[in-house]
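Data first, discussion second: the structure below is written as structure tokens.
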Amino acid sequence: MNTLIAVDNSGSYRVTLTVTTSLCEEAMQIHGCTTTAAAALGRTLTCAGMMGIGLKSMSDRLTVQIKGSGPAKQVLACADGLGRVKGYIANPAAELPPRADGHLNVGGIVGEGSLTVIKDLGLREPYVGTIPLVNGEIARDFTQYFAVSEQQPGSVALGVRFTKDRAHVAWAGGFIVQVLPDAKDEALDALEETITLMDDITLLIQDAEGDLYKLMDLIFGKLPEEFRPRVLEERTISWMCDCSRERMEKALVSIGKKDLAEIIEEDHGAELTCQFCLKKYRFNEQELRTLLEEASHGQN
Ligand SMILES: [Zn+2]
């Protein structure tokens with residue numbers, strides 16, 4: 001369990017609060033990210049995971065795609081209703097000097113661009129929402145996405161903090177606060193003040209030593225009793241890649257008879273790498289010939 005879902009006592013807002021240190025560390029190590037790239041990827045994975053467990057059905061899925069003009073080029077994250085998350089950053093070596101305030105320059109490596117969310121809710125057409133990036137720092141971009149694309153006002157905080165040697169994630173996490181339809185103005189005023197005056201989310205996670213209930217109290221504990229969150233659910237957000245040999249076979253078949261025959265003639269084999277977990281799948285000539293037969297049947 002690393003995530004809490006809570007609603008305040010007056011029914012004015014809902015909060016999803018998570019500590020994703022191990023998820024972000026796993027992503028950083030798999031992709032060999034610089035700290036700034038790991039921060040961009042970790043923030044995106046954290047928010048995607050929280051959105052995933054907010055989906056109505058466990059089998060629903062979503063993809064978050066951040067495309068920008070900066071050296072990171074693209075950050076992509078996929079999540080499902082069970083809180084399983086995977087993702088990658090197109091350029092894990094992207095790095096810039098810190099900003100003037102000492103923070104990592106995530107907005108700099110992302111640049112100007114767009115944030116797109118694709119939700120597969122088991123319907124014929126997926127839901128797609130896109131907004132222009134606000135500042136590429138990811139949290140404010142998601143806040144804007146929820147307000148504009150989902151007409152869901154609220155607030156998003158996301159953060160990844162690193163060990164002194166910058167080789168590992170020390171703390172990571174965040175929250176999504178959503179204003180509920182019958183929200184009391186007084187509650188929203190108090191909430192806004194609390195969030196505005198709040199310390200950096202990773203410092204609070206560090207102070208709480210990763211304990212979610214302590215963290216919830218550090219962030220919202222000073223609100224009047226009636227506007228404090230009450231925990232409804234404990235959930236888990238974790239890294240998981242669902243790639244398989246079968247999926248890679250399907251991908252090979254889908255490139256078509258002509259291209260597959262060319263690979264067999266020229267390379268006598270193929271090696272495919274999963275872009276999410278970087279696992280390699282090798283196919284020898286005989287295996288490719290079997291797939292070519294399948295592709296041929298498919299086209300007849
Ligand atoms: Zn994989």
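Test residue 175 against the criterion of being in the same structural domain as residue 19 (by TED's automatic domain parsing), touching a residue at least 24 places away in the same chain (Cβ under 8 Å) and within 16 Å of the chain's Cα centre (by Cα), and give yes or no. Against the criterion (in the same structural domain as residue 19 (by TED's automatic domain parsing), touching a residue at least 24 places away in the same chain (Cβ under 8 Å) and within 16 Å of the chain's Cα centre (by Cα)), residue 175 qualifies.
Inclusion of residue 273 among residues that are surrounded by 12 or more Cβ atoms within 10 Å (Cβ to Cβ), closer than 30 Å to residue 160 by Cα, modelled with pLDDT of 95 or more and outside the structural domain of residue 44 (by TED's automatic domain parsing) is warranted.
Examine region 95-106 for a residue that is surrounded by fewer than 23 Cβ atoms within 10 Å (Cβ to Cβ), among the polar types (S, T, N, Q) and without any contact (Cβ under 8 Å) to a residue 60 or more places away in the chain, and state whether such a residue exists. No, region 95-106 contains no residue that is surrounded by fewer than 23 Cβ atoms within 10 Å (Cβ to Cβ), among the polar types (S, T, N, Q) and without any contact (Cβ under 8 Å) to a residue 60 or more places away in the chain.
When region 237-293 is filtered for residues that are part of a helix (DSSP H, G or I) and of a type in the set (Gly, Ala, Ser), the ones remaining, listed by number, are 251, 254, 261. If you go through region 212-254 and keep only what is within 16 Å of the ligand (Cβ to nearest atom), without any contact (Cβ under 8 Å) to a residue 24 or more places away in the chain and touching a Leu at 6+ places or on another chain (Cβ under 8 Å), you end up with just 251.
Of the residues in region 265-275, not one is touching a residue at least 40 places away in the same chain (Cβ under 8 Å), more than 25 Å from the chain's Cα centre (by Cα) and more than 27 Å from residue 154 (Cβ to Cβ). Listed conditions (1) under 21 Å from the mean Cα position of the chain (by Cα); (2) in contact (Cβ under 8 Å) with a residue 24 or more places away in the chain are all met by residue 167, apart from (2). Conditions: (1) away from the ligand (no atom under 16 Å from the Cβ); (2) within 34 Å of the chain's Cα centre (by Cα); (3) touching a residue at least 24 places away in the same chain (Cβ under 8 Å). Residue 257 meets all but one. Number of the miss? Of the numbered conditions (1) away from the ligand (no atom under 16 Å from the Cβ); (2) within 34 Å of the chain's Cα centre (by Cα); (3) touching a residue at least 24 places away in the same chain (Cβ under 8 Å), the odd one out for residue 257 is (2).
May I ask you to verify whether residue 251 is under 30 Å from residue 24 (Cβ atoms) and within 36 Å of the chain's Cα centre (by Cα)? The answer is yes for residue 251.
The values are calculated or read from the model by the stated rules, or taken from the named source; none is laboratory data. Only a predicted model underlies this, so the values are computations on that prediction, with no experimental measurement involved. Cβ: placed from backbone, ideal geometry, glycine included. Neighbour counts: every protein chain shown.
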